[in-house]
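**Student:** Have a look at this one.
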Amino acid sequence: MNPYVLAILLSSLGLGTTLTFASSHWLLAWMGLEINTLAITPLMAQHHHPRAVEATTKYFLTQATAAAMILFASTTNAWATGEWSINDLSNPVASTMFVAALALKIGLAPVHFWMPEVLQGLDLLTGLILSTWQKLAPFALIVQTAQTIDPLLLTLLGAASTLVGGWGGLNQTQLRKVLAYSSIAHMGWMIIVIQYAPQLTLIALGTYIVMTSAAFLTLKMSLTTKISTLATTWSKSPVLASTTALVLLSLGGLPPLTGFMPKWMILQELAKQDLPLIATTMALTALISLYFYLRLCYAMTLTVSPNTTNSTTPWRTQTTQASLPLALFVVSTLGLLPITPAILMLTT
């Protein structure tokens with residue numbers, strides 16, 4: 001892609017998100033979301049491959065549907081209350097419609113079906129943008145309006161997403177689909193605690209972005225998109241294979257890695273709010289997710305010589321990817337747990 005065009009598209013992505021962050025008016029927020037969608041569409045379709053075009057079309061249709069629902073919900077709310085301010089979402093029909101639209105935007109269950117299919121059709125770097133940056137603007141709106149939304153609806157969305165995210169990833173052989181289901185599960189963790197402690201949602205979102213960036217960049221560095229090719233990365237680069245395994249375990253929320261921190265704090269908050277049943281359900285769904293991360297780690301580190309693998313060894317091509325961002329994200333993914341008290345102090 002032409003570097004000037006790429007610069008325009010990436011700055012438009014930044015502009016759309018910033019516009020939604022800064023807006024207090026529904027139309028301005030909607031405009032930011034639309035700029036975001038339109039900016040990432042050419043990035044998704046840049047590899048002229050049928051899968052990429054199909055993924056782009058699916059993504060565009062779902063995002064356009066969600067944007068239309070947001071516009072309809074805000075118009076309904078303005079009609080009922082006479083207010084266009086984001087903080088005045090007092091109409092119950094409008095607030096329910098708004099949550100449904102934002103759930104579709106970020107891929108919460110039960111409106112998550114587009115997410116694995118779209119991510120599967122993209123290259124790893126565009127998939128990284130879709131899994132991280134594209135979640136920021138909708139989350140800003142959810143955080144602003146969380147107190148006006150029905151708590152039961154948010155709890156159901158969160159519990160369903162963690163369950164679907166764990167269950168859906170069990171049978172996958174494609175790494176991008178595994179990361180898509182991982183994203184759905186993490187979104188569920190964030191949504192379930194947003195009504196009680198929004199700062200925990202922001203901590204969880206920050207750690208999720210760091211961990212997912214590390215996962216995508218390590219897979220990009222080793223040029224793997226399937227479990228079968230993952231099994232041969234050890235002979236190619238043992239250090240990178242070990243790092244990838246640790247990053248995946250951090251995504252699963254295994255102590256003493258960074259991924260344990262948000263899960264631990266969210267479970268603690270749910271227990272404080274007298275919701276032991278929901279906290280137990282969330283912990284059990286985290287175990288399901290951990291199973292498929294362990295499966296990837298097994299394929300990567302325990303099926304090495306002298307054991308046999310059914311996959312062909314890939315060519316050891318030299319990668320041109322910069323290693324500094326990867327190193328920063330990996331260090332953050334593996335070592336932030338000891339500074340949990342400092343992070344909590346900064347956010348409260």
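The values are calculated or read from the model by the stated rules, or taken from the named source; none is laboratory data. Since the model is a prediction, treat every value here as computed from it, not as a measurement. Each accessible area value is taken on the protein alone, full model and side chains, heavy atoms only, with ligands, DNA and RNA left out. Shrake-Rupley method; radii C 1.70, N 1.55, O 1.52, S 1.80 Å.
**Student:** Using only the heavy atoms of the protein chains and a 1.4 Å probe, how would Thr162, Thr173, Thr229 rank by accessible area, largest first? Working shown, then result.
**Tutor:** Values: Thr162 0, Thr173 80, Thr229 35 Å².
Output order, biggest surface exposure first: Thr173, Thr229, Thr162.
**Student:** Further question: Quick one: accessible area per residue over segment 167-228, 1.4 Å probe, rounded to a whole number of Å²? Write out the running numbers ahead of the final one.
**Tutor:** On the way: 1640 Å² over 62 residues.
Computed with neighbouring chains in place, this is 26 Å² per residue.
**Student:** Report the relative contact order of segment 46-200, percent, no decimals, based on alpha-carbon pairs under 8 angstrom and at least 6 residues apart.
**Tutor:** Numbers: 179 pairs, mean separation 37.6, N = 155.
That works out to 24 percent.
**Student:** Just by accessible area at a 1.4 angstrom probe, what is the order of Arg295, Arg176 from largest to smallest? If you can, show how the numbers build up before the last one.
**Tutor:** Values: Arg295 70, Arg176 35 Å².
So, going from the largest accessible area down, we get Arg295, Arg176.
**Student:** Would you please classify the overall shape of segment 107-184 from the alpha carbon gyration tensor, given that a ≥ b ≥ c denote the square roots of the eigenvalues, rounded means a/c under 1.5, and beyond that prolate means a/b larger than b/c while oblate covers the rest? Could the numbers behind the result be given before it?
**Tutor:** Working: a/c = 3.22, a/b = 1.46, b/c = 2.20.
Taking the square roots of the gyration eigenvalues as a ≥ b ≥ c, segment 107-184 is oblate.
**Student:** A follow-up question, please. Determine the order of Leu122, Leu152 by accessible area, beginning with the largest, at a probe radius of 1.4 Å.
**Tutor:** Numbers: Leu122 5, Leu152 110 Å².
Putting Leu122, Leu152 in descending order of accessible area: Leu152, Leu122.
**Student:** Give me the number: length gained by fully extending Phe113 to Asn171, i.e. 0.36 nm times residue separation minus the C-alpha to C-alpha distance, one decimal in nm. List each step's numbers first, then the result.
**Tutor:** On the way: separation 58, 0.36 × 58 = 20.88 nm, distance 1.54 nm.
Between Phe113 and Asn171, full extension yields 19.3 nm more.
**Student:** Angle between the Cα long axis of helix 260-272 and the longest principal axis of the chain, 0 to 90 degrees, nearest 10?
**Tutor:** With both axes taken from Cα atoms, the answer is about 40 degrees.
**Student:** May I have the count of lysine pairs in the chain with C-alpha atoms under 30 Å apart, counting pairs 8 or more residues apart or located on different chains?
**Tutor:** Count of close lysine pairs: 24.
**Student:** Enumerate the calculated ³J(HN,Hα) couplings along segment 331-338 in order (Karplus 6.51 cos²θ - 1.76 cosθ + 1.60, θ = phi - 60°), each rounded to whole Hz, writing x wherever the residue is Gly or Pro.
**Tutor:** 4, 5, 5, 9, x, 8, 4, x
**Student:** Please state the relative contact order of the chain as a whole percent: Cα pairs under 8 Å, 6+ residues apart?
**Tutor:** Values: 481 pairs, mean separation 51.1, N = 348.
It comes to 15 percent, rounded to a whole number.
**Student:** Would you work out the relative contact order for segment 1-48, in percent, from Cα pairs under 8 angstrom that are 6 or more residues apart?
**Tutor:** Numbers: 39 pairs, mean separation 19.2, N = 48.
Reported relative contact order: 40 percent.
**Student:** Need one word for segment 1-144: rounded, prolate or oblate. Basis is the Cα gyration tensor (sqrt eigenvalues a ≥ b ≥ c); a/c below 1.5 gives rounded, then a/b vs b/c decides. Each step should come with its number before you reach the end.
**Tutor:** Numbers: a/c = 2.56, a/b = 1.68, b/c = 1.52.
Verdict is prolate for segment 1-144.
**Student:** Of (1) 20.1, 71; (2) 29.6, 90; (3) 20.5, 64, which is the value of Rg and Dmax of the Cα atoms in Å derived from the coordinates here?
**Tutor:** After the calculation, the listed value that fits is (1).
**Student:** Rounded, prolate or oblate: which fits segment 72-223, taking a ≥ b ≥ c as square roots of the Cα gyration tensor eigenvalues, rounded meaning a/c under 1.5, else prolate when a/b beats b/c?
**Tutor:** Numbers: a/c = 2.08, a/b = 2.04, b/c = 1.02.
Verdict is prolate for segment 72-223.
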